[in-house]
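Below is one structure, written out as structure tokens; the observations come after it.
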Amino acid sequence: LSVLLAFGAIGFVDDYKKLVKKDSRGLIARWKYFWQSVFGLGAALFLWFTADTSAATTLYMPFFKTIQLPLAAHVTAADWLTVGNLLGAGFFIAIAYFMIVGFSNAVNLTDGLDGLAILPSVMVAAALGVFAYLAGNAVFSGYLQIPAIPGAGELAIFTGALAGAGLGFLWFNTYPAMVFMGDIGALAIGAALGTIAVIVRQEIVLFI
């Protein structure tokens, strides 16, 4: 929710300058990226330092010693094709930062034609909600061999709300659109999806 609101605030300033102040430039790109980086890095650091170390797992990485890492730092996708899971906190934080800031801008760039950005956002939110529910259930996650993330099932409520709100928005955003998303929606939705993917350890699934 904090990421959603923070990136939504960036988009609000941009849209406000364009629509109310009639400044076609909106929020200058370097300042937009600066604040995205501040909030994205803050979220990445928060996720790393609040990882549940009580559920630490032993990972063996080729060419590295066996180490103990919190589950929240366990990057998957067939264990990076069995080459290795993680190179440390810096790697995790960099990946999380890229996911949050990168997908915030990805949805913003996708937003153009009527309904173009919100429909895939709805589908992705729903899919991540399924992953969140399964990851939060010890039985399902063990059976499906996906990372077990205690508490991740709570995200299914958020993703369900996001998907439902998106469907409601889509009704009025289809051609000819009566409402438009703007940066306030695109930046917020993209950042939220990136954050959820990091939490449930499904970054590469989000890329697909």
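The values are calculated or read from the model by the stated rules, or taken from the named source; none is laboratory data. Everything numeric here is computed off the predicted structure, so don't read it as measured data. Neighbour counts run over all protein chains shown; Cβ positions are idealised from the backbone, glycine included. Heavy atoms of the whole protein, side chains included, go into the accessibility calculation; ligands, DNA and RNA do not. Shrake-Rupley method; radii C 1.70, N 1.55, O 1.52, S 1.80 Å.
For the structure I just gave you, tell me whether residue 41 is assigned to a helix (DSSP H, G or I), modelled with pLDDT of 90 or more and closer than 20 Å to residue 192 by Cβ. Reasoning before the result, please.
On the way: assigned to a helix (DSSP H, G or I): yes; modelled with pLDDT of 90 or more: yes; closer than 20 Å to residue 192 by Cβ: yes.
Answer is yes for this residue.
Within the range 24-38, being more than 16 Å from residue 191 (Cα to Cα), assigned to a helix (DSSP H, G or I) and of a type in the set (D, E, K, R) holds for one residue alone: 30.
Just for helices (runs of 4 or more DSSP H) wholly inside the range 95-208: which have at least 1 residues that are open to solvent by 40 Å² or more (accessible area, probe 1.4 Å) and at pLDDT 90 or above?
Numbers: elements: 118-135, 138-144, 155-173, 182-199, 203-207.
Counting at least 1 such residues, we get 118-135, 138-144, 155-173, 182-199.
Output yes when any residue across the range 78-89 is closer than 30 Å to residue 33 by Cα, modelled with pLDDT under 50 and open to solvent by 30 Å² or more (accessible area, probe 1.4 Å), and no when none is.
Taking the range 78-89 first, the residues closer than 30 Å to residue 33 by Cα are 80, 85-89.
With the extra rule that they be modelled with pLDDT under 50, the set shrinks to 80, 85-86.
Then drop every residue that is not open to solvent by 30 Å² or more (accessible area, probe 1.4 Å), which leaves 80.
Within the range 78-89, one or more residues are closer than 30 Å to residue 33 by Cα, modelled with pLDDT under 50 and open to solvent by 30 Å² or more (accessible area, probe 1.4 Å).
Applying the criterion of being more than 30 Å from residue 154 (Cβ to Cβ) and in a loop (DSSP other than H, G, I, E, B) to the residues of the range 1-23, the residue that is most open to solvent (accessible area, probe 1.4 Å) is 22.
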